[in-house]
Amino acid sequence: MKNYLFVSVTILTALVGFQSCSEKQPKPIKKNVQYVAGADEVTYIKLGNEIVDTVQATLKGNLVKAMQEGGPVNAVSFCNAKAMELTDVYSLKYSTDVKRVSDRNRNGKNAPNQKELEVLEDFRHTLEIGQPLSPKVAIDAEGKKHYYAPIFIGGVCLTCHGDVKNMQPELVHAIDSLYPNDKAKGYVVDELRGLWSIRFKNS
Ligand code: HEC
């Protein structure tokens with residue numbers, strides 16, 4: 001994930017940097033979200049990264065297995081039934097709430113809350129102005145630490161999140177029947193797909 005993140009950010013930085021040559025005024029940086037710095041940042045980013053790596057590896061392993069066993073249509077039913085369950089298992093293990101959220105979501109339950117929306121906007125803005133993007137820690141109204149990390153679209157994701165024209169018709173059908181309000185098609189490689197959002201309950 002880290003390598004991928006690095007490559008994505010490098011490519012985007014290069015692209016945005018190139019574009020900005022023709023712009024007269026750089027956009028001002030928004031200051032909606034305050035992030036934590038110092039020892040707490042180091043601790044919770046390390047913990048958050050560990051959780052993301054573990055959950056991501058499990059999700060990916062299961063997805064690949066389901067695709068191999070019954071193709072992408074089978075994998076969609078799997079994702080539908082199991083994605084939430086899996087993140088719940090890790091939530092218990094680490095005493096955290098682990099979520100994958102997106103403003104262009106497939107499952108409405110993965111819609112971002114106000115704070116997550118602000119972080120998403122901040123991350124998008126960071127990419128637009130060509131700054132490097134990395135996981136962040138913020139504190140909520142109750143004083144709990146939250147970890148946020150970007151999720152990017154890779155080639156394999158386009159099978160189910162890409163342009164409908166390039167997707168298998170039976171797969172599109174399966175997705176649309178399970179998710180009538182799906183907003184998660186039409187992504188391109190390296191696009192910001194959403195966020196990992198982890199709340200540390202005991203922090
Ligand atoms: C086999 C089809 C399939 C593939 C391949 C796939 N996804 Fe998904 N994705 C889904 C389904 C189905 C859901 C809805 C899961 C649920 O109900 O929680 C989903 C949900 C998500 C969500 C949660 C937010 C939302 O939209 O509900 C994220 C984030 C996500 N996918 C990212 C990715 C990324 C990144 C990749 C590539 C590494 C990927 N997906 C590959 C089918 C797929």
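Read-outs throughout are calculated quantities, based only on the coordinates presented, and are distinct from any laboratory measurement. Everything numeric in this text was worked out from a predicted model, so none of it was measured. Don't worry about glycine lacking a Cβ; one is built from the backbone with ideal geometry, like all the others, and counts go over all protein chains shown.
Taking a sphere under 12 Å around the Cβ of Gly162 and counting the other residues whose Cβ falls inside, with K and R at +1 and D and E at -1, yields a net charge of +1.
Of the two radii for the stretch 44-193, the radius of gyration is 0.96 times the Kirkwood radius, both from the alpha carbons; that is the Rg over Rh value. Pairs of lysines in the stretch 86-158 whose Cα atoms sit within less than 19 Å of one another amount to 12, provided the residues are eight or more positions apart or on different chains.
What is the ratio of the Cα radius of gyration of the stretch 115-187 to 2.2 N^0.38 Å, where N is its residue count, to two decimals? Taking the Cα Rg and dividing by 2.2 N^0.38 Å, one obtains 1.46. For Gly194, enumerate residues with amide H under 5 Å from its amide H, sequence gap 5+ or separate chain, H modeled in the peptide plane. So Gly194 has HN proximity to Ile151.
Electrostatic tally near Leu171: other residues with Cβ closer than 13 Å to its Cβ, Lys and Arg +1, Asp and Glu -1, net -1. Considering all different alpha carbon pairs of the stretch 152-199, the Kirkwood hydrodynamic radius works out to 11.5 Å.
In terms of packing, defined here as the mean over residues of other Cβ atoms within 10 angstrom, the peptides 168-179, 48-59 line up highest first as 48-59, 168-179.
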